[in-house]
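All remarks here apply to the structure that follows.
The values are calculated or read from the model by the stated rules, or taken from the named source; none is laboratory data. All values derive from a computational prediction rather than experimental measurement. Heads up, the Cβs are rebuilt from the backbone with ideal geometry, glycines too, and the neighbour counts pull from every protein chain shown. Heads up: the accessible areas ignore ligands, DNA and RNA and are worked out on the full protein's heavy atoms, side chains in. Shrake-Rupley method; radii C 1.70, N 1.55, O 1.52, S 1.80 Å.
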Amino acid sequence: MSDIQNRVIAIIAEQAVLEPSDISLTSTLEELGIDSLGLVESIFAIEEEFDINIPFNANDPKESDFDISSVASIVAGIGALVKEQS
Amino acid sequence: MKRVVITGAGTINSLGHDVATTLEAMREGRCGIGPLECRDVERLQIRIGGQVRGYEPETRFNRQQLSLYDRFTQFTLIAAREAIAQSGLEFSGELAARAGVILGNSGGGMTTLDDNYRAVYEEGKNRVHPFVVPKLMNNAAASHVSMEFNLKGPSFTVSTACASSNHAMAQAFQMVHGGVTPAMVTGGSESMLCFGGVKAWEGLRVMSRDACRPFSANRNGMVQGEGAGIFVFEEYEHAKKRGAEILAEVIGYAMTSDASDIVMPSKPGAARAIAGAMQDARINPEQVGYINAHGTGTAANDKTESAAVADVFGAHADKLMMSSTKSMHGHLIGGTGAVELLACIMAVRDGVIAPTIGYEEPDPECALDIVPNEAREREVDVALSNAFAFGGLNAVLALRGV
């Protein structure tokens, strides 16, 4: 899990133009200054990194079957998808 | 009707990364065309082009901007920054609300298309970067200019192949002329010197393998270029009141359609555009001292264009000068009229006529003074800029010194 967490945080940090150490698990993407374009770019980068498909629809992120409310929820969601799709 | 003047100019092309360097290259008759550098160049038959060299995108844009800006958008923004800085205009309040940006472009983000087609077709990837669409759309450049400079008035992109920039600038002129807005940002850009972009042109068999030699009897086709040219068109009194430097006055234009063939040029269509621009500018043919030719270096264009000019100007055709600067910077397709307008500004402002380089043998079918190989110093009252596009869509602009 911690490997996935570090890799996800590295991607989010790059998108937010921050150091990984500045990202906490409770941070929201909004707090990190990631806008809607930044979000789809992060999702793309995570899909590429883990070779998975993330069920995310930018039209209605809340209705997507993928919780992006915090860094922790994203890491947890990726962990589940990696297990499911590997 | 309002008088319209140019108060800012910017460019990046194979001759230089700004206006001063480009005009110096034109004065010296330098050639920006050279061996093409792009992926899979060895699979191309055509391996020359007027590429922008020594350009480092990272020094002009940050990483996030680069993820959104195709090369044609990058060129546009670089040229727009130069033009707007020179104009001294700051777009806020009422001026921002009325001023817009109209640009010409033909291919859109061709390098973005090329890279991503490769990814999905050649490499078999099933996922592309989320910004492919906002990067490749033809209006991306105009939109990014509007965002960087706060232009909130009429803004759009015109696509008429090789006449795109002239159509765009004619439209921007019309808006200032008619009083819709005191200023417009206009011009055009293109960047299609990637494998797919060159391959497509190669298919038409109109490309030269060695040089662009417009009007020369041994011409053997066109050579692609890339880059951007951007201008600030401003209402004369508005510019005068704030003491802006005026580069030239735009005095008229005309647009015509051949309504005849998708690729072959037409003498009557070209002639009507040239005559129409003079009529719109209310000038006599004798006042025209210089024409920046469409002059692509193809057999068909150059003889048709020469015949059209001879028809329109009669005896005066032998007195005026007409050069094709495509011999130096290549054919920028949708951006070409914008870079070529710089040669017209140099003619009416500085009295320097850019040459047609690479000229080797006279062609009796192109028997005009095409300013062979060396620039010339000559006072010019009015200059015209010709653009005759595939699809038979023509646009000619008229400039005068101020």
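Name the single residue that is farthest from B:Val132 (Cα to Cα) among those in the stretch B:65-105 being within 14 Å of chain A (Cβ to nearest Cβ) and touching a helix residue (DSSP H, G or I) at 6+ places or on another chain (Cβ under 8 Å).
The residue in question is B:Leu66.
For the stretch B:145-155, does any single residue satisfy the condition of being more than 14 Å from every other protein chain (Cβ to nearest Cβ), within 18 Å of the chain's Cα centre (by Cα), within 26 Å of B:Gly225 (Cα to Cα) and open to solvent by less than 20 Å² (accessible area, probe 1.4 Å)?
yes
Looking at the stretch B:115-135, which of its residues are over 19 Å from A:Ser36 (Cα atoms) and either more than 13 Å from chain A (Cβ to nearest Cβ) or among the charged types (D, E, K, R) (or both)?
B:Asp115, B:Tyr117, B:Arg118, B:Val120, B:Tyr121, B:Glu122, B:Glu123, B:Gly124, B:Lys125
For B:Val5, are the conditions met, namely being part of a loop (DSSP other than H, G, I, E, B) and touching a strand residue (DSSP E or B) at 6+ places or on another chain (Cβ under 6 Å)?
no
So which of A:Glu30, A:Glu47 is within 25 Å of A:Ser86 (Cβ to Cβ) and among the charged types (D, E, K, R)?
That would be A:Glu47, the only listed residue that is within 25 Å of A:Ser86 (Cβ to Cβ) and among the charged types (D, E, K, R).
Listed residues B:Thr325, B:Thr304; which is under 19 Å from B:Gly221 (Cα atoms) and buried (at least 24 other Cβ atoms within 10 Å of the Cβ)? Walk me through it before giving the result.
On the way: B:Thr304 fails: buried (at least 24 other Cβ atoms within 10 Å of the Cβ).
So the residue among B:Thr325, B:Thr304 that is under 19 Å from B:Gly221 (Cα atoms) and buried (at least 24 other Cβ atoms within 10 Å of the Cβ) is B:Thr325.
Hand me the list of helices (runs of 4 or more DSSP H) wholly inside chain A holding 1 or more residues that are open to solvent by 80 Å² or more (accessible area, probe 1.4 Å) and away from every other protein chain (no Cβ under 13 Å). Reasoning before the result, please.
Details: elements: A:2-16, A:36-50, A:71-85.
The helices (runs of 4 or more DSSP H) meeting that bar are A:2-16, A:71-85.
For (1) open to solvent by 10 Å² or more (accessible area, probe 1.4 Å); (2) touching a helix residue (DSSP H, G or I) at 6+ places or on another chain (Cβ under 6 Å); (3) of a type in the set (Phe, Trp, Tyr); (4) closer than 26 Å to B:Asp258 by Cα, each residue gets a yes or a no:
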| position | (1), (2), (3), (4) |
| --- | --- |
| B:Glu340 | no, no, no, yes |
| B:Arg349 | yes, no, no, no |
| B:Val352 | yes, yes, no, no |
| B:Pro364 | yes, no, no, yes |
| B:Glu374 | yes, no, no, no |
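Looking only at residues that are of a type in the set (S, T, N, Q) and open to solvent by 30 Å² or more (accessible area, probe 1.4 Å) in the stretch B:8-64, which one is farthest from B:Glu82 (Cα to Cα)?
Top of the filtered list is B:Gln45.
Any idea how many residues of the stretch B:223-262 are among the hydrophobic types (A, V, I, L, M, F, W, C), under 19 Å from the mean Cα position of the chain (by Cα) and not in a strand (DSSP E or B)?
Of the residues in that region, 2 qualify.
Name the one entry in B:Glu226, B:Glu249 that is in contact with a Ser or Thr (Cβ under 9 Å, 6 or more places away or on another chain) and charged (D, E, K, R).
B:Glu226
Report every pair of residues separated by at least 6 positions or lying on different chains whose Cβ atoms are under 9 Å apart, first residue within the stretch B:369-385 and assigned by TED's automatic domain parsing to the domain that holds B:Gly314, second among the hydroxyl-bearing types (Ser, Thr, Tyr) and open to solvent by 10 Å² or more (accessible area, probe 1.4 Å).
B:Ile370/B:Tyr359; B:Val371/B:Tyr359; B:Pro372/B:Tyr359; B:Asn373/B:Tyr359
Would you be able to tell me the number of residues in the stretch B:256-278 that are surrounded by fewer than 20 Cβ atoms within 10 Å (Cβ to Cβ) and among the hydrophobic types (A, V, I, L, M, F, W, C)?
Total satisfying the criteria: 5.
Evaluate the following for B:Phe91: is it within 27 Å of B:Thr7 (Cβ to Cβ) and buried (at least 24 other Cβ atoms within 10 Å of the Cβ)?
So B:Phe91 does not fit the description; no.
List the pairs whose first member sits in the stretch B:282-298 and is of a type in the set (Ser, Thr, Tyr), whose second member is open to solvent by 20 Å² or more (accessible area, probe 1.4 Å), and whose Cβ atoms are under 7 Å apart, counting only residues at least 6 apart or on separate chains?
So the pair list comes out as B:Thr298/B:Val206.
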